[in-house]
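What follows is calculated from the coordinates using simple rules that are stated; it is not laboratory data. Every value quoted in this text rests on a predicted model; they were computed, and no experiment measured them. Note: ideal-geometry Cβ built from the backbone for every residue, glycine included; neighbour counts use all protein chains shown.
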Amino acid sequence: MPLTDVAIRNAKPTGKLQKLSDGAGLQLWVMPAGSRLWRLAYRHQGKQKLLALGAYPTMALSQARDRRERARKLLADGIDPGEQKKADKRAKALSDANTFGAVADELLRKKEEDGKAERTLEKTRWLFDLAKPSLGDRPITEISAREVLDVLERVQAKGHRETAKRLRAVIGQVFRFAIATTRAANDPTFALRGALLAPKVKHRAALTKEDDFAGLLRAVDGFQGQPTTKAALQLMALLFPRPGELRPAEWSEFDLKEAVWTIPASRMKMRQEHRIPLPSQALAILKDLKTLTGNGKLVFPGYGISGGEGRTVAPRPISENTLNAALRRMGFGADEMTSHGFRAAASTLLNESGKWSADAIERALAHQDKDAVRRAYARGQHWDERVQMAQWWADELDRLKAKRKGRPE
């Protein structure tokens, strides 16, 4: 006789196992301790077997019957329901381990092991964090192009077109990594090319006219803030590296005797070591700075951070915000000048001088030629010309600082 909910509720433990049958192999086991468990007895390939379905009342009578019918259909197809349950469990465990978030974290670890620059890793983490609330717990094989587009459109709707574009790129990296490691079959971001609004081109603010740049140089020389900040800005003008290349600089990178600064590949945008010739003015700044920070690893350490309980935390370099904030204190707005703007100023004025080859200027800026043949040919880096150009540029900055509008030099 089939079971009823009333009969199940009235079944009391008796100190020994009771098996209440609902028919077709479905049983409710009333355990001595009082728990009630659904079991399905069945035969497969001549063997008697038992399948655990769940516990009552979490699994209601109607649900247990549905499970029984599904198991009978599997048996009719020659499939063992118990083995199918194990296979489903393994598939779920594999799916849970291969979520978008899990694959993204694994890709990030690979990037770290590959020696990617910390700045690059920080940006990648930040972009992953934008995607994870929606995609993080989803099995990577089940994510559709529509789901990815929803994430991107939410970012784009806030006016962040460039961020949306970069987010599509890093999400695509996760899928391609999953494909390469046999955990996915396709990259849905490929279908989204052209789906986003084009980013608005926004050039970094820079003072590129001689008189304006001269005023900036004089303001930097008169800066009354931290000596390390002042020195960093002076070297940005003299050497025009990317801010992220200068700020974390270590004393071990500078050969003051040979007048060369060697920036390791790990900190370069193009992932190639870059050498910068040091003019006499830069050497003088570095020698003075060495009396302040030369006992440590970093050339431009930030303020010390207490680790609590007397612990010492390793210093961090000054931030790009520190340099930009100094420019604001000197009266240069964000729409006029940024720390990155020293590169644009140097590029403009060096090219306008007509004294130096475009190749030497591009090498000094650590720009990589898009032409592979020219890139291979330029491997010599125009070093001799760059040494001369570095000293000329430093002398030119001195000339500009001494110049006053409407006055002879």
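Overview of values
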{"read-out": "Helix 280-293 vs. the chain, principal-axis angle (Cα, 0 to 90°, nearest 10)", "value": "50"}
{"read-out": "Estimated 222 nm signal from helices in the chain, with DSSP H stretches of n ≥ 4 weighted -39500 (n - 2.57), rounded to 500", "value": "-15500 deg cm²/dmol"}
{"read-out": "Answer label, with semi-axes √(5λ) of the Cα gyration tensor in Å calculated from the coordinates and candidates (i) 69, 24, 20; (ii) 43, 24, 21; (iii) 35, 23, 20", "value": "(i)"}
{"read-out": "Hits among aspartates and glutamates - C-alpha to C-alpha of LYS355 under 19 Å, sequence gap 8 or more where chains match", "value": "GLU210, ASP384, GLU385, ASP395, GLU396, ASP398"}
{"read-out": "Segments 281-287, 45-51, 268-274 sorted - mean Cβ within 10 Å per residue, highest first", "value": "281-287, 268-274, 45-51"}
{"read-out": "Proxy reagent accessibility, fewest Cβ within 10 Å first, across MET337, MET1", "value": "MET1, MET337"}
{"read-out": "Spin-label model distance (nm) - GLU112 vs ASN321, 7 Å beyond Cα toward Cβ", "value": "2.3"}
{"read-out": "Hydrodynamic radius (Kirkwood) for segment 210-402, which is based on Cα pairs only, to one decimal in Å", "value": "17.5"}
{"read-out": "Helix axis angle, 118-135 relative to the chain longest principal axis, alpha carbon, degrees", "value": "30"}
{"read-out": "Cα-based reach from LYS290 at 17 Å (exclusive), listing lysines while leaving out same-chain residues under 8 positions away", "value": "LYS230, LYS257"}
{"read-out": "Residue exposure sequence - THR291, THR348, THR338 - by fewest surrounding Cβ within 10 Å", "value": "THR291, THR348, THR338"}
{"read-out": "Computed label-point distance, nm, for sites LYS123 and ASP211 using a 7 Å Cα→Cβ extension", "value": "3.7"}
{"read-out": "Computed Kirkwood radius, in angstrom, where 1/r is averaged over Cα pairs of segment 100-192", "value": "13.2"}
{"read-out": "Cα-based Rg of segment 149-211 normalised by 2.2 N^0.38 Å, two decimals", "value": "1.54"}
{"read-out": "Dipole in debye (nearest 20) - the chain, about Cα centre, beta carbon charges: Lys, Arg +1; Asp, Glu -1", "value": "1900"}
{"read-out": "Whole-angstrom gap from segment 229-301 to segment 142-172, using each part's C-alpha centre", "value": "38"}
{"read-out": "Cα centroid of segment 22-67 to Cα centroid of segment 2-19, whole Å", "value": "13"}
